[in-house]
Amino acid sequence: METTRQQKIGRLLEKELSDIFLIYARNIRGTMISVTKVNVSPDLSIAHVNLSFFPSENAEEMLQGVKANGKNIRFELGNRVRHQLRIVPELNFHIDDTLDYLERIDELLKK
């Protein structure tokens, strides 16, 4: 169970990362990257970031690109939250495929 502090920091990171990925996705034409959830560890040193990609066919490739630029993303995040957080957590990126899962369930129910 997450504490209130973890939830607040998770929401702060989610908002700032969404802004960063909005700028990052502009460089890659025809794609959209959304931050769906950020879970922060109890010691606030690690943040697990769930990302949703559109179109989802290239999700694995785009995730590798995000991971390759992870240090730059963390640096940009640090510049944005330097007055709110003492230590910027390490970012672990994951694919959030719940929308694909829901779409598949919807297709199966229509049959």
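Are any residues in the range 1-25 surrounded by 13 or more Cβ atoms within 10 Å (Cβ to Cβ) and hydroxyl-bearing (Ser, Thr, Tyr), and if so, which ones?
The answer is Ser18, Tyr24.
Return the total of residues in the range 8-29 being basic (Lys, Arg) and either under 16 Å from Gly70 (Cβ atoms) or not in a helix (DSSP H, G or I) (or both).
Total meeting the criteria: 1.
Examine the range 26-36 for a residue that is at negative phi, of a type in the set (D, E, K, R) and surrounded by 17 or more Cβ atoms within 10 Å (Cβ to Cβ), and state whether such a residue exists.
No, the range 26-36 has no match at all.
Here is a yes/no grid of residues against (1) under 18 Å from Ile33 (Cα atoms); (2) surrounded by 14 or more Cβ atoms within 10 Å (Cβ to Cβ); (3) touching a residue at least 60 places away in the same chain (Cβ under 8 Å); (4) within 11 Å of the chain's Cα centre (by Cα):
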{"position": "Ala47", "(1), (2), (3), (4)": "yes, yes, no, yes"}
{"position": "Ser56", "(1), (2), (3), (4)": "yes, yes, no, no"}
{"position": "Gln64", "(1), (2), (3), (4)": "yes, no, no, no"}
{"position": "Asn72", "(1), (2), (3), (4)": "yes, no, no, no"}
{"position": "Leu77", "(1), (2), (3), (4)": "yes, yes, yes, no"}
{"position": "Arg82", "(1), (2), (3), (4)": "no, no, no, no"}
{"position": "Val88", "(1), (2), (3), (4)": "no, yes, no, no"}
{"position": "Thr98", "(1), (2), (3), (4)": "yes, no, yes, no"}
{"position": "Glu107", "(1), (2), (3), (4)": "no, no, no, no"}
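FYI, it's all coordinate maths here, none of it is from the lab. Note that the coordinates shown come from a computational prediction; the quantities given were computed from them, not determined experimentally. Note: ideal-geometry Cβ built from the backbone for every residue, glycine included; neighbour counts use all protein chains shown.
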